[in-house]
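Below is one structure, written out as structure tokens; comments come after it.
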Amino acid sequence: MLISVHRLVEALNGSAIRYCHWKSNIALAKSLAGQTDIDLLIHRKDASRFRVILDQLCFRPAILTDGEAFPSVEHYYALDEESGVLVHVHAYYRVITGESLAKNYRLPIEEMLLQNTREVDSVRLPTKSAELVVFTVRMMLKHTSAMELVLLGRYWKDVQQEIEWLLETGSIDETLSLVQCWLPSLDTALFADCIAALKAPAPLLQRVRLGHQLRAQLSPYSRHSALRAWLGEAQKFTIMARRRLMRSQRGMIPRSGGAIIAFVGSEATGKSSLLAEMNRWLGEHFAVEQIHVGKPKASALTFIPNSLVPALRAKLPAYRTTHLEAQYAGKEPSEKKRTDYPLISAVRSILLAYDRRLLLTRAYSRASNGTIVLSDRYPSLVNGAPDSPQLPEVPPSARGYSVRQQLARIEARLYREIPPPDLIIYLSAPLEVTILRNASRGKKEPEDYVRWRHTRSSNLEFGKTPVCRINTDQPLDQTVLEVKRAVWNAL
């Protein structure tokens, strides 16, 4: 059991809050290890005290953005400080269940589940007889929809294991007596047939027929008409299918809102590896997007000029951006070097600034709507630093007008219009370490370039934006945990 989960269970037990982990308890160990949701049913009268406990234990609320949010259901997340696992508490104050997509039924069985409990690993669970009531309803209703059957086929073996687990310690007589007491509209003989059909299992058509019969008897407990439930189910199924095909974002966002988290630092400090790990970690639960500020996609305005860049690099290697950056950002460059730069490189710098501004203003908008944006690099306030304004200020010309002066002003204005991130993760490592890491990479940079980037990235400034400095010259798991803590504290 994770430390954060252990503390939650202790707090719930110690405060006499009426609760139980009400479903899928065959996989309780996975839930307590943070590998799956912790599905808690909380007595409605204890809801306020429950939320206070969650707040004290640093659990943060999150909301679904796609389709209809289910009533009486809340989501909370906390970072387990020792493991770096995000713990998801799925809190229910009413039994909202049924098909996994629509959950169209509110069953009045909360007291049945909360009164008939047992204890495993200090966690209160329903008795298996009580849990079998919920399981049978959930699984049989999934047989009433073609979309649900598609999903059910993916974990049908798990269904078989769970029904056998629920039946292994007793008969179904106690379950049927609970059905008769708490769901009097149901025919207990039909319910027994449903249990048997799941256990055997019966042929699919027979299970479908029994599922429809059970659904008809559950109609007094439905939340929506059959048509509205089907439309909601179809909408969510479409969203799910589109996400799977396009590998797009999840629909959960922190209730406090999204954020732009930028990772900066010199070459070979671990930006790419850490970004990939943060994307995987957060993307399991939230809407996450990763962007690369160093290589923004061309916009409609810059597409044609940018498409000519490879040819220009081949013809004019001395005008490459990295070559010019190194030339104009030397330790003590002459004034001539700083002001007499090629105009073609100035135009390229402005186009790059335009694309960065467009990329980051869009990212700011998405973060404002709840997405967590992970940015590889970010412009700083230091002129000449990587990913920052590159055109030096040009003294006023005696002739009154200077093309280079105007270009420098345009570039500076474009960078000023870029919104600030919510957090800077400033990665660093000793120069010798970055050189060794660069040499071992598949796509390594010239050593002189690594040295120059290390120098230029050692003193970046970001104004009022919070900055978390992390030394990556330590074991990777320690670095990852340190970054996770910093990112989670910013959300």
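Derivation of every value follows stated rules applied to the coordinates shown; laboratory data play no part. Treat the numbers as computed from the prediction; the structure is a model and nothing was measured. As a convention, Cβ positions derive from the backbone with ideal geometry for all residues, glycine included, and neighbour counts pool all protein chains shown.
With Rg and the Kirkwood Rh both taken from Cα atoms, where does Rg over Rh land for segment 159-209? Kindly include the intermediate steps, with their values, before the conclusion.
On the way: Rg = 11.5 Å, Rh = 11.6 Å.
Reported Rg/Rh, Kirkwood definition of Rh: 0.98.
Can you give the angle from 0 to 90° between the axis of helix 226-246 and the longest principal axis of the chain, with both taken from C-alpha atoms, to the nearest 10?
The angle comes out near 40 degrees.
Quick one: of the DSSP bridges fully inside the chain, what percent are antiparallel, nearest 5? If you can, show how the numbers build up before the last one.
Working: 24 of 47 bridges.
Once the DSSP bridges in the chain are tallied, antiparallel ones form about 50 percent.
Hand me the GluC sites (Glu not before Pro) from segment 55-86 located in a DSSP loop with no more than 11 other Cβ atoms within 10 Å, in residue order please.
Values: sites: GLU68, GLU74, GLU81, GLU82; in loops: GLU68, GLU81, GLU82.
Answer in residue order: GLU82.
Relative to the compact-globule scaling 2.2 N^0.38 Å, provide the ratio for the alpha-carbon radius of gyration of segment 3-246. Before the final figure, lay out the partial values.
Numbers: Rg = 17.9 Å, N = 244, 2.2 N^0.38 = 17.8 Å.
Compactness ratio reported: 1.01.
Give, rounded to the nearest 20 debye, the magnitude of the charge dipole that segment 156-289 has about its Cα centre when Lys and Arg contribute +1 at Cβ and Asp and Glu contribute -1 at Cβ.
Numbers: 16 positive and 13 negative charges, 165 e Å.
Magnitude of the dipole: close to 800 debye.
Tell me the GluC sites (Glu not before Pro) within segment 189-288 that lie in a loop according to DSSP and have at most 14 other beta-carbon atoms within 10 Å. The partial results should precede the final answer.
Details: sites: GLU233, GLU267, GLU277, GLU284; in loops: GLU267, GLU284.
Here the GluC sites (Glu not before Pro) that fit, given the DSSP loop and packing criteria, are GLU284.
Between helix 156-167 and the chain, what is the angle of the helix's C-alpha long axis to the longest principal axis, kept within 0 to 90° and rounded to the nearest 10?
Taking the Cα atoms of the chain, the angle to 156-167 is about 40 degrees.
What FRET efficiency comes out for the pair GLU119/GLN213, r = Cβ-Cβ distance, R0 = 35 Å, nearest 0.05? Don't skip to the end; give the middle numbers.
Working: r = 36 Å, r/R0 = 1.02.
With R0 = 35 Å, the Cβ-Cβ based efficiency is 0.45.
What fraction, in whole percent, of alpha-carbon pairs in segment 4-67 exceed 17 Å separation?
On the way: 931 of 2016 pairs.
More than 17 Å apart: 46 percent of the Cα pairs in segment 4-67.
List the GluC sites (Glu not before Pro) within segment 366-467 that DSSP assigns to loop and that have no more than 15 neighbouring Cβ atoms inside 10 Å.
Counting only loop positions with at most 15 other Cβ atoms within 10 Å, the GluC sites (Glu not before Pro) in segment 366-467 are GLU393, GLU417, GLU461.
Cα atoms only, the chain: Rg and Dmax in Å?
My reading of the Cα-based Rg and Dmax gives 29.3, 99 Å.
Which one, LEU40, VAL87, MET139, projects farthest toward the positive side of the charge dipole computed for segment 3-246 from Cβ point charges (K/R +1, D/E -1)?
MET139
For the Cα atoms of the chain, what angle does the longest principal axis make with the long axis of helix 447-456, in degrees from 0 to 90, nearest 10?
Once rounded, the angle reads 80 degrees.
Let's see if you can work this out: charge +1 on each Lys and Arg Cβ, -1 on each Asp and Glu Cβ, no other charges. What is the dipole magnitude of the chain about its Cα centre, in debye to the nearest 20?
Details: 65 positive and 50 negative charges, 417 e Å.
The dipole of the chain has a size of about 2000 debye.
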